[in-house]
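What follows is a set of notes on a single structure, which appears directly below.
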Amino acid sequence: MRVLICEDGAAAAQRTADILCASVANRPDAVLGLATGGTMEPVYAVLRNRIAAGSLDLSGVTTFNLDEYVGLAVTHPQSYRATMQRLLFDAAGLPPARCHLPDGSAADPVAEARAYEAAIEAAGGIDLQLLGIGHNGHIGFNEPTSSLGSRTRVKTLTGETRRANARFFGPDEEAPQFAITMGIKTVLETRACVLLATGPRKAAVVAAAIEGPLAAACPASALQLHPQATFVLDPAAAAGLKLRDYYETVHPGGGEARL
Ligand code: PGA
């Protein structure tokens, strides 16, 4: 695992955007795995700025988002489809047919989840997957005790996750209880992944994911099995790491390794 500790949250978002841009520079028709959540929003802001400045062209990529709420119409402003349209797809000029999210309004969500996993495979797999991390260690909506061998499926969200997501919904709306999410095995099969975490409230779970035991109780710890996993952190999110000095020696300022 690469652990990159950047100067602050803005630098961590830039670093994450840099890694994605390098992947697209290397392969303009890359298959990108995307994530939602408050932490990712500054990354998409950086990407939009680069597109507007003409230094980034995402028009050739195919995307697969990690997850989508079950039961929300795609037109609901808090559906992840609508969120991604707003945050990236419109700016990138990507045709809907190449921007994949599970359809949370599908009549048969179980079949939809299976079809989504098959679509990832048919696209040749994901070159680079972006990830956030929940306070309970979830990646995608793989809540604690999700099988480390899981694939895209319907998951019930924990009360903690629903409370965390309630901030995105109106006072008279309930945060959804179910989601379709890529599984942990699906994430482990991506060719590379980057988990971005910022702020002091992520410090404990980041330490558990990177330095704790491999455990379904902390789904992000499964990334210890991923051959190309990078954690991009700000100092606050890195505060609980015992080997912090080591990571900073290997990657000064969150940059590339000195060899
Ligand atoms: P957040 O969500 O970025 O809004 O904290 C991350 C996640 O739940 O994966």
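Read the figures in this text as sums done on the coordinates, not as results from a lab. Note that the structure is predicted; figures quoted are calculated from it, not measured. No Cβ is skipped: glycine too gets one built from the backbone with ideal geometry, and neighbour counts run over all protein chains shown.
For the reader, a short list of remarks on this structure follows.
- Amide proton proximity set for Ala215, modelled H, under 5 Å, gap of 5+: Ser221, Ala222
- Across segment 28-35, rounded Karplus estimates of 3J(HN,Hα) from the backbone phi angles (6.51 cos²θ - 1.76 cosθ + 1.60, θ = phi - 60°) give x, 9, 4, 9, 9, x, 10, 9 Hz, Gly and Pro being marked x.
- Ratio of the Cα radius of gyration of segment 72-170 to 2.2 N^0.38 Å, where N counts its residues: 1.14
- The stretch between Gln224 and Leu243 holds 5.3 nm of extra length on full extension. This uses 0.36 nm per residue minus the Cα-Cα distance.
- Exposed loop sites here are trypsin sites (Lys or Arg not before Pro) assigned a DSSP state other than H, G, I, E or B and surrounded by at most 12 other beta carbons within 10 Å; excluding them, the longest clear run of the chain is 1-241.
- Global form of segment 2-253, assessed from the alpha-carbon gyration tensor, a/c cut-off 1.5: rounded
- Segment 174-205 and segment 97-132 have Cα centres separated by 15 Å.
- Residue-by-residue Karplus 3J(HN,Hα) for segment 114-123, coefficients 6.51, -1.76, 1.60, Hz, glycine and proline x: 5, 5, 5, 4, 5, 5, 4, 5, 5, 7
- Exposed loop positions in the chain were taken to be GluC sites (Glu not before Pro) whose DSSP state is not H, G, I, E or B and which have at most 14 other beta-carbon atoms within 10 angstrom. Between these positions, the longest stretch is 8-172.
- Derived scalar couplings ³J(HN,Hα) [segment 41-52; Karplus, 6.51 cos²θ - 1.76 cosθ + 1.60; whole Hz; x for Gly, Pro]: 4, x, 5, 5, 5, 4, 5, 4, 4, 5, 5, 5
- Stretched out straight at 0.36 nm per residue, the stretch from Val74 to Arg114 would grow longer than its current Cα-Cα span by 12.5 nm.
- The chain, helix-only ellipticity at 222 nm - DSSP H runs n ≥ 4, -39,500 (n - 2.57), divided by all residues, nearest 500: -9000 deg cm²/dmol
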